[in-house]
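This is the structure, below, for whatever I ask next.
What follows is calculated from the coordinates using simple rules that are stated; it is not laboratory data. Predicted model, so just to flag it, every value in this text is computed and none were measured.
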Amino acid sequence: MSDAHSEEHGTLVKTPKQLVIVVGLAFIVPIFIIVLLVSYVGSGTKKGAGTDAGNPQLIEARIAPVAKVEIKDLANKVAASGDKVYKAQCAACHDSGAAGAPKFGDAAAWAPRIKTGFEALWQSALKGKGAMGAQAGGEYDDQEIGNAVVHLANAAGAKFAELKAASKSEATSDASAKPEMAATSNAAKSDGQAKTEVQAKPVEEAKK
């Protein structure tokens with residue numbers, strides 16, 4: 001009775017077939033577990049430093065030039081209105097009165113400034129004054145800045161006229177007039193030199 005009980009609980013492997021199964025499982029189960037772990041770890045894309053170096057957008061950003069040159073066709077440019085320039089460059093301060101700027105339409109604040117004349121206000125806008133930085137040299141030219149000054153001052157009671165750009169025909173006539181004036185001046189100089197030479201010859205002959 002005791003021998004039968006001890007044989008029953010002594011070992012689980014009783015036949016060679018059972019031994020083969022146990023040995024096979026001892027190899028297969030760990031391999032299966034390792035495969036599952038590897039697939040789990042590799043399923044998510046982990047990005048480390050430098051792993052996205054081949055991204056086309058990042059490459060384009062790295063090789064982009066430091067600065068860009070933009071060529072504008074000033075000959076055919078249509079001047080921006082004073083209202084447009086005001087909204088783009090002046091409204092941020094003059095609408096709210098920030099940094100002591102006189103508010104748009106405030107006649108009392110603008111009255112002493114308007115008395116100084118348009119030219120003084122224009123130069124203050126171009127060169128800057130107090131907390132206001134210089135407005136010249138930006139997206140808008142001096143004439144457009146001037147029209148913004150006209151728009152701002154007239155809203156407070158001024159009667160300034162808008163600046164008008166010189167037409168192409170006027171610019172062409174001015175340019176052609178300069179060479180003609182220079183040619184006339186050169187001709188006058190040559191005539192004067194010729195007269196001097198003619199007058200000098202009789203004096204030399206008299207001396208001889």
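With contacts defined as alpha carbon pairs under 8 Å and 6 or more residues apart, what's the relative contact order of the stretch 82-154 in percent? Provide the component values of the computation, followed by the final result.
On the way: 73 pairs, mean separation 29.2, N = 73.
Reported as a whole number, the value is 40 percent.
Here's another thing I want to ask about it. Can you pick out the pairs among K103/K127; K77/K129; K84/K164; K87/K129 whose Cα atoms lie more than 26 Å from each other? List each step's numbers first, then the result.
Details: K103/K127 20 Å; K77/K129 29 Å; K84/K164 16 Å; K87/K129 19 Å.
Check vs 26 Å cut-off fails for K77/K129.
Ok, one more. Show the residues, 5+ positions off or on another chain, whose built amide H is closer than 5 Å to the amide H of L163.
When sequence neighbours closer than 5 places are left aside, the close amide H contacts are N147.
Got a sec to turn the phi values of the stretch 98-107 into Karplus ³J(HN,Hα) couplings, 6.51 cos²θ - 1.76 cosθ + 1.60 with θ = phi - 60°, whole Hz, x for Gly and Pro?
Per residue, the Karplus-derived 3J(HN,Hα) values read 5, 6, x, 6, x, 6, 4, x, 7, 4 Hz.
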